[in-house]
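One structure is given here, and the rest of the page talks about it.
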């Protein structure tokens, strides 16, 4: 089971026929996790996001140390990634330029 800590919302995205979980941290950065099934196996696709609104709108970020994450295949792997992101982003003073 995935953690709900820092979870802003979970929703079904009709356009892509997938479930999405959006996490938001105190710095304004967060994660978008979208489920998919490569080769009939379950996985989460992850994107680093910022400027997250309460309705779930956001901007994808490609310049953080975690931006090149690959698919996450287990709940344990996904929770570990969420914890790593929390450690990096759950500080009010985080700035992209600090870690490029």
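Since every read-out is calculated from the coordinates, none of them should be taken as a lab result. Model, not experiment: these values are computed from the prediction. Glycine also receives a Cβ, built like all others from the backbone with ideal geometry; neighbour counts cover every protein chain displayed.
The slack in the chain from residue 83 to residue 34, taken as 0.36 nm per residue of separation less the alpha-carbon distance, amounts to 15.9 nm. So for the chain, Kirkwood radius off the Cα pairs, Stokes-Einstein at 10 °C and 1.306 mPa s: how many µm² s⁻¹? For the chosen part, D equals 115 µm²/s. Of 1, 9, the sequence from fewest to most neighbouring Cβ atoms within 10 angstrom is 1, 9. With contacts taken as Cα pairs under 8 Å and at least 6 residues apart, the chain reaches a relative contact order of 25 percent. Distance between the pseudo-spin-label points of residue 3 and residue 42 (7 Å out from Cα toward the beta carbon): 1.9 nm. By other beta-carbon atoms within 10 Å, ranking 96, 77 with the fewest at the front produces 77, 96. Axis of helix 75-89 versus longest Cα principal axis of the chain: the two differ by about 20°, to the nearest ten degrees. Hydrodynamic radius of region 1-56 by the Kirkwood approach over all distinct alpha-carbon pairs: 11.9 Å. Exposure proxy ranking for 21, 11, based on other Cβ atoms within 10 angstrom of each Cβ and starting from the fewest, stands as 11, 21.
Where only DSSP H runs of four or more residues are counted, the chain gives -5000 deg cm²/dmol as its mean residue ellipticity at 222 nm, each run worth -39500 (n - 2.57). Zone of residue 73 (label point 7 Å along Cα→Cβ, backbone N under 18 Å): which residues in region 19-51? Within reach of a label on residue 73, which here means backbone N under 18 Å from a point 7 Å along Cα→Cβ, region 19-51 contributes 34-46.
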